[in-house]
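For reference, the structure discussed in these notes is given below.
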Amino acid sequence: MAEDKRRMVQRNDELHGVQEERIRLPFGDVIGKWWGPRDLRPIVCLHGWMDNAGSFDRLLPMLPRDISFLAIDIPGHGRSAHLPAGVAYYALDTLRLLLHLMQHYGWGRISLMSHSIGAVMSYVFAGVFPDRVDLLISFDLLKPFILDPDMVLFLLSDSLPKTLEYDTGAKREEKLFAYADYVDHMHAGFHESISREACHYLLYRAIEPVAAERTDLYRRLTDVRIRHNHGLVWSHDVNLEMARRIRAPFLYLKTSETPLFEDPQYHQETIDVLVAHNERFVQEVVEGKHHAHLSSPETVAPAVCRFLQQHWRKEQYLVSKL
C-alpha cells in the first residue's frame, strides 16, 4: 500500500506542475511546493501544528490555475531543516520565517492562506505588519487563544522542561513503524479530522523509508521537539488591537465541528472588531472537522474561489524576476 499511496501523491504533483522550492536560510533550508505560474508572487500557505506543506495538496487543484501558491514546510516539519540543538521551537518564529521569505524573494508585501496555528500566526503577522499583508485566508483558527491563568502556567511549566530533554546529546533510539501504523496513528491522533485518504498527502513529507531495500519500515522526518511548543501568551487587548489594524481582505472559514478552545466571548469580540474596522472581512462556516480543507476540500474551495475572484488582481502579483 505504501508505495502505491506515495506514487499517488507524486502523480498529483506531476499533474499540476508542482515544483519543489528550496529557500536557504541561516539555520538551514526551508522546503516548499510551488503551484502555478512562476512570474507571479504566490500566496504563501502555512500549515498547522505537526502538519506540513502537503496539507494543501487536495485543495489547491480546486482553486484558480492562474494564481500561484507556495506551500511551506515550516522549520521542523516535513522536509525543512530542524532548528539547531539547544534551541526550542516557538510560535513567533513563524513571523521571522515570513520576513525571511519576503527578503529572499524581494517581496514588499505578502499574501497568506493558512490553517490552524499557521492561521493564528498569519493573524499576528498581519496585526504587527499591516502594511506588508495584502490578503488573508484563514482556516478554522482565527487568533491566539486567551486561556485561564492556571492553564497558561501549567502549559509553561509542562512544556519548557521537556525541551531540555533533547539537549543532552545522548543518542535516542529511533522508532520505526510500518506505513499502515502511521496512517492509523495520524487518523486517530487528530480525532479523525484527517481522513485516511488525506493522511497520505501529509505522510509523503512526514516520513521516509528506512532504506531503499526496506520499504516496509519508515522513520519520522518531523522534529520531535515541535511537540513542546507552548504557544503564545498575551492579553485579549493585544488581540483586539491587532484586529483593529488588519486592513487587508480577510476570509475566515470556521468548521462546524471544531470547538473554539476558549471562552466564546473572546472570539466573538474579536470578530466584532474585525467587522467594525475592516469592510473586507468575511466570515463563513463550512461543514466538517478541523482539517476540512484537506479531508473534504470540496466544502472549502467554493468560498475561497469567491473570495479570490473578488480580491485577487493579477497586476498586483506580477514580478519581473524570482
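The values are calculated or read from the model by the stated rules, or taken from the named source; none is laboratory data. As the structure is a prediction and not an experimental result, all values here were calculated from the model. Positions of Cβ are backbone-derived with ideal geometry, glycine not excepted, and every protein chain shown enters the neighbour counts. Accessible surface areas use protein heavy atoms only, side chains included; no ligands, DNA or RNA. Shrake-Rupley method; radii C 1.70, N 1.55, O 1.52, S 1.80 Å.
Assorted remarks:
- Taking segment 255-314 as the region of interest, the helices (runs of 4 or more DSSP H) fully inside it that hold 1 or more residues being closer than 18 Å to Asp237 by Cα are 264-277.
- Here Pro75, Pro37, Pro64 are screened, and the one residue that is without any contact (Cβ under 8 Å) to a residue 40 or more places away in the chain and at negative phi is Pro37.
- Scan of segment 222-246 for residues that are modelled with pLDDT of 95 or more and farther than 14 Å from Lys143 by Cα, ordered by number: none
- Options Glu20, Glu14: the member that is open to solvent by 10 Å² or more (accessible area, probe 1.4 Å), modelled with pLDDT of 95 or more and in a strand (DSSP E or B): Glu20
- Of the criteria (1) assigned to a helix (DSSP H, G or I); (2) under 22 Å from the mean Cα position of the chain (by Cα); (3) surrounded by 15 or more Cβ atoms within 10 Å (Cβ to Cβ), which one His230 fails: (1)
- The requirement of being closer than 17 Å to Asp73 by Cβ, charged (D, E, K, R) and in a loop (DSSP other than H, G, I, E, B) is fulfilled somewhere in segment 40-51, by at least one residue.
- Residue match in segment 254-262 (condition: surrounded by 13 or more Cβ atoms within 10 Å (Cβ to Cβ) and free of Cβ contacts under 8 Å to residues at least 24 places away in the same chain): yes
- Residues satisfying the stated conditions in segment 291-321, i.e. open to solvent by less than 40 Å² (accessible area, probe 1.4 Å) and over 26 Å from Arg109 (Cβ atoms): His291, Ala292, Leu294, Ser295, Ser296, Pro297
- Selected residue (criterion: most open to solvent (accessible area, probe 1.4 Å)) from residues of segment 107-151 that are in a loop (DSSP other than H, G, I, E, B) and of a type in the set (Phe, Trp, Tyr): Phe145
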